[in-house]
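Below is one structure, written out as structure tokens; comments come after it.
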Amino acid sequence: MPEPGVHIGSGKVRELYALGEDRLLLAASDRISVFDVVLPTPIPDKGRVLTGLSAFWFARTQHIVPNHLLAIRPDGRSLECGRLDMLPLEFVVRGYLAGSGWRDYRATGAVCGHALPPGLLESERLPHPLVTPATKAATGHDENISEADAAELVGREQYTEAREVALALYGFGAAHASARGIVLADTKFELGADEAGRLMLADEALTPDSSRFWPADSYAAGGPQPSYDKQFVRDWCERTGGDKAPPGPELPADVVEGTRARYAEAFELLTGIPFARYLDDPQVVRAA
Ligand SMILES: Nc1ncnc2c1ncn2[C@@H]1O[C@H](COP(=O)(O)OP(=O)(O)OP(=O)(O)O)[C@@H](O)[C@H]1O
Ligand SMILES: [Mg+2]
């Protein structure tokens, strides 16, 4: 039997357990958060999609940066990880103009302080990917900060190394996704330092919760894009009203099923592995 571990915290999506002094068990639940509010209705197997995809990417990006993954548990939703000293930042990389980036650009002509050429369309590809860091808020919404403020927070040297890693990971993920007919519009990474002070990739990586994935064949700048993530649920919440305050609404069965299908489809398209095979043996995502 695996060690149960001591429960040390709950994120919006993950339960954290300590395994001894220097390891963590990160168990991804099926909870879904929309506009930073956790909804009362779970999406079956969502946690397994996030865990399987993260492990898939961790196994393939070690040439860019080492990561916290030690083992995948047979349940397919729990990762044994090295416990790191997390940088108090989220490294958001944007290759396309969407979401808050688009809203910022429309209001200011810039995205988080990066000036951009005029006349760009919603969902348009940016001249080059941008890093737009955010602080990790203990409660509520993460807050965008300038790269200068981010560098001040963690030190210029560490910030520079981390931003280069985030850009390289985005480039790798975007190229892989593109070869499989998917646009990686933007994504978010969390990094930490191990005991020796080495920078490591942590948390989840290149999942539908941390990224915007768009089908490439229907991609057209000039409006919002359909996506393999919680946009489907967000759209339903917007249509049915509500004030984005907790508690969120219960989801009807068709929205649950539609969301589950989108998460599983993202897994299969990106990994090339049938999701049922992952459920059968989670170790398949680690093989080259
Ligand atoms: N290797 C690690 N060592 C220490 N902490 C980690 C490690 N990997 C991830 N974490 C932390 O574990 C937590 C994961 O939980 P979860 O993803 O549910 O959090 P959340 O940030 O509240 O949610 P959201 O991702 O929606 O913002 C995060 O606070 C993350 O920074
Ligand atoms: Mg998280």
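Listed values, structure above:
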| item | result |
| --- | --- |
| Residue tally, condition surrounded by 19 or more Cβ atoms within 10 Å (Cβ to Cβ), of a type outside the set (S, T, N, Q) and assigned to a loop (DSSP other than H, G, I, E, B), over region 84-128 | 6 |
| Matching residues, region 200-232, being modelled with pLDDT of 95 or more, more than 14 Å from ligand 1 (Cβ to nearest atom) and within 23 Å of Val13 (Cβ to Cβ) | Arg212, Phe213, Trp214 |
| Test set (1) hydrophobic (A, V, I, L, M, F, W, C); (2) open to solvent by 50 Å² or more (accessible area, probe 1.4 Å); (3) in contact with a Phe, Trp or Tyr (Cβ under 7 Å, 6 or more places away or on another chain) - Leu53 fails condition number | (2) |
| Whichever residue in region 245-262 is in a loop (DSSP other than H, G, I, E, B), of a type outside the set (D, E, K, R) and surrounded by fewer than 16 Cβ atoms within 10 Å (Cβ to Cβ) and, among such residues, is nearest to ligand 1 (Cβ to nearest atom) | Pro246 |
| Test: Leu279 is closer than 30 Å to Arg83 by Cα, open to solvent by 20 Å² or more (accessible area, probe 1.4 Å) and touching a residue at least 60 places away in the same chain (Cβ under 8 Å) | yes |
| Matching residues in region 38-83 - criterion: being in contact with a Cys (Cβ under 9 Å, 6 or more places away or on another chain), within 16 Å of ligand 2 (Cβ to nearest atom) and not in a loop (DSSP other than H, G, I, E, B) | Asn67, Leu69 |
| Single residue of region 81-105 satisfying the filter (more than 15 Å from the chain's Cα centre (by Cα) and near ligand 1 (Cβ under 10 Å from one of its atoms)) that is nearest to Asp142 (Cα to Cα) | Pro88 |
| Residues located in region 1-36, provided they are within 16 Å of ligand 2 (Cβ to nearest atom), crowded, with 17+ Cβ neighbours inside 10 Å and assigned to a strand (DSSP E or B) | Arg14, Glu15, Leu16, Tyr17, Leu24, Leu25, Leu26, Ala27, Ala28, Val34 |
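For (1) among the small types (Gly, Ala, Ser); (2) modelled with pLDDT of 95 or more; (3) over 19 Å from Arg83 (Cα atoms); (4) within 12 Å of ligand 1 (Cβ to nearest atom), each residue gets a yes or a no:
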residue: Glu3; (1), (2), (3), (4): no, no, no, no
residue: Leu16; (1), (2), (3), (4): no, yes, no, yes
residue: Leu19; (1), (2), (3), (4): no, yes, no, yes
residue: Arg31; (1), (2), (3), (4): no, yes, yes, yes
residue: Asp36; (1), (2), (3), (4): no, no, yes, yes
residue: Pro44; (1), (2), (3), (4): no, yes, yes, no
residue: Gly47; (1), (2), (3), (4): yes, yes, yes, yes
residue: Phe58; (1), (2), (3), (4): no, yes, no, yes
residue: Pro66; (1), (2), (3), (4): no, yes, no, yes
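The values are calculated or read from the model by the stated rules, or taken from the named source; none is laboratory data. Everything numeric here is computed off the predicted structure, so don't read it as measured data. Neighbour counts are summed over all protein chains in view; Cβ atoms, including those assigned to glycine, are modelled from backbone coordinates with ideal geometry. All accessible areas refer to the heavy atoms of the entire protein, side chains included, with ligands and DNA or RNA removed. Shrake-Rupley method; radii C 1.70, N 1.55, O 1.52, S 1.80 Å.
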